[in-house]
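In what follows, a structure is listed as structure tokens, so that the remarks can point back to it.
The values are calculated or read from the model by the stated rules, or taken from the named source; none is laboratory data. Note that the structure is predicted; figures quoted are calculated from it, not measured. Cβ coordinates were reconstructed from backbone atoms using ideal geometry, including for glycine residues, and neighbour counts include every protein chain displayed. Just so you know, the surface numbers come from the protein's heavy atoms only, side chains and all, with ligands and any DNA or RNA stripped out. Shrake-Rupley method; radii C 1.70, N 1.55, O 1.52, S 1.80 Å.
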Amino acid sequence: MAKYLLLKHYRGAPTPVNDVPMDRWTPEEVTAHVRYMEDFAARLEGTGEFVDGQALSPEGTWVRYDGEGRPPVTDGPFAETKDLIAGWMVIDVDTHERALELAGELSAAPGAGGKPIHEWLEVRPFLGAAPTITE
């Protein structure tokens, strides 16, 4: 088994596929999206592939070290909104292909109008644990 991080960004979907920002969804559409994510995680808990996951707020602060005895420097965020992380899920799967399969399924979460959002997800293997790529 190898662990992968599935990163959801605020980048959204490729245009013109259901690229309506979440802040313009109805409460029912947000609820349906969250339910899809929860159902997906519950199904992976049943197969032993779910490790953890969390949604994140778009607000945040950038912090960096500013030298010995000095307080950390805080500012930002300066990143483009599309580059901010909206949430993450950690999975533990047998193969790289399975990680890609699950990310593709997660990308089909509903958005505006209840249609799949086709959002981009970043799939990253954990460092130090060689991914099992069987291409």
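So the values come out like this:
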| read-out | value |
| --- | --- |
| Amide H contacts under 5 Å for Trp120, placed H, 5+ residues apart | Gly12 |
| Helical contribution to [θ] at 222 nm, DSSP H n ≥ 4, -39,500 (n - 2.57), averaged over the chain, rounded to 500 | -8000 deg cm²/dmol |
| Model label zone, Met1; criterion: amide N under 11 Å from point 7 Å along Cα-to-beta-carbon; scope the range 93-131 | 93-94 |
| Contour excess over end-to-end distance, with Cα ends at Asp39 and Glu59 and 0.36 nm allotted per residue | 4.6 nm |
| Per residue, in Å², the accessible surface of the range 31-110 once ligands and nucleic acids are set aside, probe 1.4 Å | 62 |
| Additional length obtainable on full extension of the chain from Thr74 to Thr26, 0.36 nm per residue less Cα span | 13.9 nm |
| Other-chain or far-sequence residues with amide H under 5 Å of Gly53's (modelled H) | Val90 |
| Carbon plus sulfur fraction of accessible area for the chain, probe 1.4 Å, in percent | 57 |
